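The values are calculated or read from the model by the stated rules, or taken from the named source; none is laboratory data. Note that this is a predicted model, so its numbers are computed, not measured. When we count neighbours, we look across all protein chains shown, and the Cβ atoms used for this are built from the backbone with ideal geometry, even at glycine. Quick note on the areas: whole protein, heavy atoms, side chains included, nothing else; ligands and nucleic acids left out. Shrake-Rupley method; radii C 1.70, N 1.55, O 1.52, S 1.80 Å.
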Amino acid sequence: MKRRDPIELELFRHLLVSIAEEMGAVLRKSSYSANIKERRDYSCAVYDAGGETVAMGDHMPVHLGAMPLSVRHAREAFALGPGDVVILNDPFCGGTHLPDITAVAGVFLSAGRARGCGAAKPAFLVASRAHHADVGGMSPGSMPLAREIYQEGIRIPPVLLMRRGRLDAGLMRLVLANVRTPEEREGDLLAQLAAMRRGEARLLELVRKHGIERVRLNMRELQDYSERMMRAAIRRLPEGAYRFEDYLDDDGVSARPVKVAVTVTLKDGAARVDFSGSDPQTEGPVNANYAIAVSATMYVFRCLVSEDVPYTAGLMRPIEVLAPAGTVVNALPPAAMAAGNVETSQRITDVLLGALAQAAPERIPAASSGTMNNLSVGGWDPIRGRPFAYYETVAGGMGASARGPGQSAVHTHMTNSWNTPVEALEHQYPLRLRAYSVRAGSGGGGAGRGGDGIVREFEFLAAGQATILSDRRRRGPYGLAGGGDGQPGRNSLRRGRRVMPLSGKATFEVRSGDVLRVETPGGGGYGSRSGIM
């Protein structure tokens, strides 16, 4: 088949990406919570009629690579009609962890005709995923040290929140009855619905201007182009099998390290990514599902392509991912999953990069902080007279590479979120930020130094409960080519004059006046000090 005009293809690429980006802008601006509005903990994407990705916004890598599985489960559960919107968060039915609620809708070229015949299929699909700051469960923020998923919050299989354009008020009441902050949750869910409508409107405009066949042809060619670029990138690497393993500090229940292992086999423009050898699923909440393993793999291999390649389903066509069921990278029910999406996804990324560093040492950086340093806190806000639940992730250091030192105080790899600005944090919650600074000297040494982590101190102005899910507290991120490891992170709670060390994963009660100090890991260094980069 004759390939499309490359100029037209590039134009369509930007048109489709702009739709996903605009969906994200609508979601952000109409949301209620600081986690979505300020931290931008959300993602939006556009799919073809078969549920294959054609465009993603510049949002969260851990969301975007996993969302196609959510779309697949939504399509399998319902024959989507005009005005239907499916929501889900169940990690065993296409979700990642319970706070991430995904919305999926079809885009129909003729809504009236489709309602009449009842057999029309969507021409495209749109989806949005947002991390909700509380979805119930045993602790505020819904990121608990749970031992089974039933303790983590309300579990939503694929269900219709919108039917033919009408909101299912009963389902909404059911969801809101199971969360600590119902007004905020309702606002964020409605913001996701608004994002879906905007995506639908923009796709219909695209079809009206260019015609359905032209749009579909360019979508297919964008996917094919991404595949060709990925195969070319893999072919530039030496063929062979490359193995690497690394560890999570623990699962939050026992002190035993949790191994994540991978063997990456490169041959003839294709890759086989095998996570056999990873530890069995754990009792604590660090379990990941298959979608997360795929998401991390997609992110890492996309980074291998130096060109600005379209982020479509074609990227994964040359890549086979094997994640044995019942392991920490593909857990089975009723495993607790809260930290799998945030912490284990980072360690999966680290082992993939560690393996590929053997094939392309000049292109792969040392390990970055390797943790999202998750903090969730909640209780009763006496100032505003209402319950509150707050969630954020805290940045760290980036690993150095052959190209230069790592950046300091940044979110890396599977997270692409922002910090919560001090003004927004203190305006909306009974919290005060006592310190926010670069953790000088925490990056690993070498010809290129690893980036430094940060120090962030929170003073609690009301009693409540807090949970930290963090990692790299026992050993720091690895260096490469003779570079030193980054410094591990530290957590502590100050109550009066007493300073109490906290483990990397901990749930604890807080009093008014307590100060939580989070010191995040620095990135690994690259190259020996005597070497030349």
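Across region 36-59, which residue is surrounded by the most Cβ atoms within 10 Å (Cβ to Cβ) among those that are among the basic types (Lys, Arg) and outside any helix (DSSP H, G or I)?
Let us first name the residues in region 36-59 that are among the basic types (Lys, Arg), namely 37, 39-40.
Adding the requirement that they be outside any helix (DSSP H, G or I) leaves 39-40.
On the way: Arg39: 23, Arg40: 20.
Taking the candidates together, the pick is Arg39.
Could you list, ordered by first residue, the pairs with Cβ atoms under 6 Å in which the first is in region 63-81 and within 24 Å of Gly340 (Cβ to Cβ) and the second is β-branched (Val, Ile, Thr) and outside any helix (DSSP H, G or I), at least 6 apart or interchain?
Short answer, once both residue conditions are applied: Ala66/Thr96; Pro68/Thr53; Ser70/Thr102; Val71/Val104; Ala74/Val86; Ala74/Val104.
Go through region 367-385 residue by residue and tally those that are touching a residue at least 60 places away in the same chain (Cβ under 8 Å) and more than 21 Å from Ser295 (Cα to Cα).
Total satisfying the criteria: 9.
What are the residues in region 417-466 that are out of contact with any strand residue (DSSP E or B) (no Cβ under 7 Å at 6 or more places or on another chain), within 13 Å of Ala34 (Cβ to Cβ) and among the charged types (D, E, K, R), if any?
Glu423
Please find, within region 274-288, the residue that is farthest from the chain's Cα centre (by Cα) out of those that are open to solvent by less than 10 Å² (accessible area, probe 1.4 Å) and either among the polar types (S, T, N, Q) or closer than 19 Å to Gln358 by Cα (or both).
Only one residue fits best here, namely Phe275.
Within region 467-493, track down each residue that is touching a Phe, Trp or Tyr at 6+ places or on another chain (Cβ under 6 Å), hydrophobic (A, V, I, L, M, F, W, C) and either under 15 Å from Asp350 (Cβ atoms) or open to solvent by less than 40 Å² (accessible area, probe 1.4 Å) (or both).
Once the filter is applied, which keeps residues that are touching a Phe, Trp or Tyr at 6+ places or on another chain (Cβ under 6 Å), hydrophobic (A, V, I, L, M, F, W, C) and either under 15 Å from Asp350 (Cβ atoms) or open to solvent by less than 40 Å² (accessible area, probe 1.4 Å) (or both), region 467-493 yields only Leu480.
Which of the residues spanning region 147-201 are acidic (Asp, Glu), open to solvent by less than 50 Å² (accessible area, probe 1.4 Å) and either at pLDDT below 95 or not in a helix (DSSP H, G or I) (or both)?
Scanning region 147-201 gives Glu152, Asp168.
Conditions (1) open to solvent by 10 Å² or more (accessible area, probe 1.4 Å); (2) under 20 Å from the mean Cα position of the chain (by Cα); (3) not aromatic (Phe, Trp, Tyr), marked per residue:
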| site | (1), (2), (3) |
| --- | --- |
| Ala360 | no, no, yes |
| Pro365 | yes, no, yes |
| Gly370 | no, yes, yes |
| Val394 | no, yes, yes |
| Met398 | yes, yes, yes |
| Arg403 | yes, no, yes |
| Ala409 | yes, yes, yes |
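Can you tell me which residues in region 129-146 are open to solvent by 30 Å² or more (accessible area, probe 1.4 Å) and either within 20 Å of Met67 (Cβ to Cβ) or in contact with a strand residue (DSSP E or B) (Cβ under 7 Å, 6 or more places away or on another chain) (or both)?
So the first thing to find is which residues in region 129-146 are open to solvent by 30 Å² or more (accessible area, probe 1.4 Å), and the list is 137-138, 145.
Selection gives Leu145 alone.
With respect to Arg347, is the statement that it is assigned to a helix (DSSP H, G or I) and surrounded by fewer than 22 Cβ atoms within 10 Å (Cβ to Cβ) true?
no
May I ask you to list pairs of residues, at least six apart or on different chains, whose Cβ atoms are under 8 Å apart, with the first in region 206-233 being under 21 Å from Leu266 (Cα atoms) and charged (D, E, K, R) and the second being open to solvent by less than 40 Å² (accessible area, probe 1.4 Å) and outside any helix (DSSP H, G or I)?
Pairs found: Glu227/Pro318; Arg231/Gly269; Arg231/Ala270; Arg231/Pro318.
Looking at this structure, is Glu76 in a helix (DSSP H, G or I), over 27 Å from Glu184 (Cβ atoms) and either open to solvent by 10 Å² or more (accessible area, probe 1.4 Å) or not hydrophobic (A, V, I, L, M, F, W, C) (or both)?
Yes.
Taking the residues in region 324-344 that are assigned to a loop (DSSP other than H, G, I, E, B) and β-branched (Val, Ile, Thr) as candidates, determine which candidate is surrounded by the most Cβ atoms within 10 Å (Cβ to Cβ).
Once the filter is applied, the top-ranked residue is Val329.
Step by step: first the residues of region 450-465, then only those that are closer than 12 Å to Leu431 by Cα and not in a strand (DSSP E or B), then the one that is most open to solvent (accessible area, probe 1.4 Å). Which residue is that?
Ranking the candidates gives Ala463 first.
With respect to Val62, is the statement that it is among the β-branched types (Val, Ile, Thr), buried (at least 24 other Cβ atoms within 10 Å of the Cβ), outside any helix (DSSP H, G or I) and in contact with a Ser or Thr (Cβ under 8 Å, 6 or more places away or on another chain) true?
No; evaluated as a whole, the condition is false for this residue.
Ala435 - would you say it is outside any loop (DSSP other than H, G, I, E, B) and modelled with pLDDT under 95?
For Ala435, the condition - outside any loop (DSSP other than H, G, I, E, B) and modelled with pLDDT under 95 - is not met.
Given the criterion on the phi > 0 side of the Ramachandran plot and in contact with a Ser or Thr (Cβ under 9 Å, 6 or more places away or on another chain), identify the matching residue among Gly370, Gly340, Gly385, Gly378. Explain how you work it out, then say what you get.
On the way: Gly340 fails: on the phi > 0 side of the Ramachandran plot; Gly385 fails: in contact with a Ser or Thr (Cβ under 9 Å, 6 or more places away or on another chain); Gly378 fails: on the phi > 0 side of the Ramachandran plot.
The unique qualifying residue is Gly370.
Looking only at residues that are touching a residue at least 40 places away in the same chain (Cβ under 8 Å) and either assigned to a loop (DSSP other than H, G, I, E, B) or among the polar types (S, T, N, Q) (or both) in region 1-17, which one is surrounded by the most Cβ atoms within 10 Å (Cβ to Cβ)?
Filtering first and then ranking leaves Arg4.
Could you check, for region 211-225, whether at least one of its residues is within 30 Å of Ile364 (Cβ to Cβ), in contact with a Gly (Cβ under 8 Å, 6 or more places away or on another chain), surrounded by 19 or more Cβ atoms within 10 Å (Cβ to Cβ) and among the hydrophobic types (A, V, I, L, M, F, W, C)?
Scanning region 211-225 turns up at least one residue that is within 30 Å of Ile364 (Cβ to Cβ), in contact with a Gly (Cβ under 8 Å, 6 or more places away or on another chain), surrounded by 19 or more Cβ atoms within 10 Å (Cβ to Cβ) and among the hydrophobic types (A, V, I, L, M, F, W, C).
So how many residues does region 167-222 have that are at positive phi and of a type in the set (Ser, Thr, Tyr)? Walk me through how you get there before you give the answer.
First, pick out the residues of region 167-222 that are at positive phi: 211.
Now restrict to residues that are of a type in the set (Ser, Thr, Tyr): none.
The total comes to 0.
Which of (1) in contact with a helix residue (DSSP H, G or I) (Cβ under 6 Å, 6 or more places away or on another chain); (2) modelled with pLDDT under 95; (3) not in a loop (DSSP other than H, G, I, E, B) does Pro68 not meet, given it meets every other one?
Of the numbered conditions (1) in contact with a helix residue (DSSP H, G or I) (Cβ under 6 Å, 6 or more places away or on another chain); (2) modelled with pLDDT under 95; (3) not in a loop (DSSP other than H, G, I, E, B), the odd one out for Pro68 is (1).
Tell me whether region 122-131 contains one or more residues that are assigned to a loop (DSSP other than H, G, I, E, B), at negative phi and in contact with an Asp or Glu (Cβ under 7 Å, 6 or more places away or on another chain).
Within region 122-131 (the criterion being assigned to a loop (DSSP other than H, G, I, E, B), at negative phi and in contact with an Asp or Glu (Cβ under 7 Å, 6 or more places away or on another chain)), the answer is no, since none of the residues qualifies.
For region 240-273, name all the residues that are within 21 Å of Leu480 (Cα to Cα) and loosely packed, with under 15 Cβ neighbours inside 10 Å.
Gly240, Ala241
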